[in-house]
Amino acid sequence: MWRDKYGEFKSSVPDHNGLGRRLPGGSWDLYAGIVPTFCTTNKTWGVDIDEIYAPVNFQNDHWIAIWISIPRRHIVFWDNIVKHISKAQLDEIMEPFLTMVPYLLVECASTDEERIKYSLKPFTYERPTVGVPQCIAGDWGVYALKYMECHALGYTSFPAAFC
């Protein structure tokens, strides 16, 4: 959703405050925890939720994991085959998240107090390689899910047994 609709978001004209851009359909529902319907949380990003984990597909042949830290305004990109995605490709993959997540936090905030906590300034990101097991072949989707699970459970690095 984010990457597919980023062109529309980027080409839409903001108002004098930088708001009013066209977010992908369903963005507010994600922000408010209304979707996915099979695990509705009704928790709001930046209010009740500070961390978001998501699998991201690259060219329909490789899965990676991202961790979005709202308080840090930072995204961590875990990839078990670093050479599969170049730095230029990674910048392209990350741009929609770096730009649209902070925008969503400002645009969807329900009060002025919440809105002023955030900025439209893009988030930063990193792709750590130390402590992230590198694999030659395998089911990358499972690895992406395991990275998210381990991090959410408090592991500071990933078990070497991953590969």
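If amide H atoms are built 1.01 Å from N in the plane of the peptide, which residues on other chains or at least 5 residues away come under 5 Å of the amide H of Arg22?
Ser12
Rounded to whole Hz and in sequence order, give me ³J(HN,Hα) for region 122-133 from the Karplus expression 6.51 cos²θ - 1.76 cosθ + 1.60, θ = phi - 60°, writing x for Gly and Pro.
3J(HN,Hα) across region 122-133, in whole Hz: x, 5, 9, 8, 9, 10, x, 10, 6, x, 10, x.
Need one value: the accessible area of Asp91 in square angstrom, 1.4 angstrom probe, rounded to the nearest 10.
About 60 Å², rounded to the nearest 10.
At a Förster radius of 25 Å, what calculated FRET efficiency corresponds to the Cβ-Cβ distance of Ser157 and Asn60, to the nearest 0.05? It would help to have the intermediate numbers written out before the result.
Details: r = 29 Å, r/R0 = 1.17.
With a Förster radius of 25 Å, E is 0.30.
Could you work out how much longer the chain between Asp48 and Asp4 gets when fully extended? Use 0.36 nm per residue separation minus the Cα distance between them, nm to one decimal. Could you put the intermediate results ahead of the total?
Numbers: separation 44, 0.36 × 44 = 15.84 nm, distance 2.70 nm.
Contour length minus the Cα-Cα distance gives 13.1 nm.
List the residues, sorted by chain then number, that are 5 or more residues from Tyr125 or on another chain and whose placed amide H is less than 5 Å from its amide H.
Ile75
Please list, ordered by chain and number, the residues whose modelled amide H lies under 5 Å from the amide H of Val35; skip anything fewer than 5 residues away on the same chain.
Leu30
Find the percent of Cα-Cα distances in the chain that exceed 20 Å, and round it to a whole number.
Numbers: 7059 of 13203 pairs.
That tail contains 53 percent of the Cα-Cα pairs.
Could you tell me what percent of the DSSP beta bridges with both partners in the chain are antiparallel, to the nearest 5? Please report the intermediate quantities before stating the final value.
Details: 13 of 17 bridges.
Rounded to the nearest five, the antiparallel share is 75 percent.
Output wanted: per-residue J couplings in Hz (rounded whole) for region 62-70, from phi through Karplus 6.51 cos²θ - 1.76 cosθ + 1.60, θ = phi - 60°, x for Gly and Pro.
Each residue's phi maps through the Karplus curve to give 7, 10, 10, 10, 10, 10, 9, 9, 5 Hz.
Tell me the label-point distance for the pair His74, Leu145, using the 7 Å Cα-to-Cβ offset, in nm and rounded to one decimal.
Placing both labels 7 Å along Cα→Cβ, they lie 2.8 nm apart.
What list of ³J(HN,Hα) values in whole Hz, one per residue of region 72-85 in order, does the Karplus curve 6.51 cos²θ - 1.76 cosθ + 1.60 (θ = phi - 60°) give from phi, with Gly and Pro shown as x?
7, 6, 8, 10, 9, 10, 9, 9, 8, 9, 4, 6, 6, 10
Using a 1.4 Å probe on the protein chains only, how many percent of the accessible area of the chain belongs to carbon and sulfur?
On the way: 5070 of 9080 Å².
Looking at the chain in its full context, I get 56 percent from C and S.
Counting heavy atoms of the protein chains only and a 1.4 Å probe, report the per residue accessible area for region 1-158 as a whole number of Å².
On the way: 8740 Å² over 158 residues.
On a per-residue basis, region 1-158 sits at 55 Å².
The values are calculated or read from the model by the stated rules, or taken from the named source; none is laboratory data. The structure displayed is predicted, hence computed values, not measured ones. In this analysis, Cβ positions are derived from the backbone assuming ideal geometry, glycine residues included, and neighbour counts consider all displayed protein chains. For accessibility, only protein heavy atoms count, side chains too; no ligands or nucleic acids. Shrake-Rupley method; radii C 1.70, N 1.55, O 1.52, S 1.80 Å.
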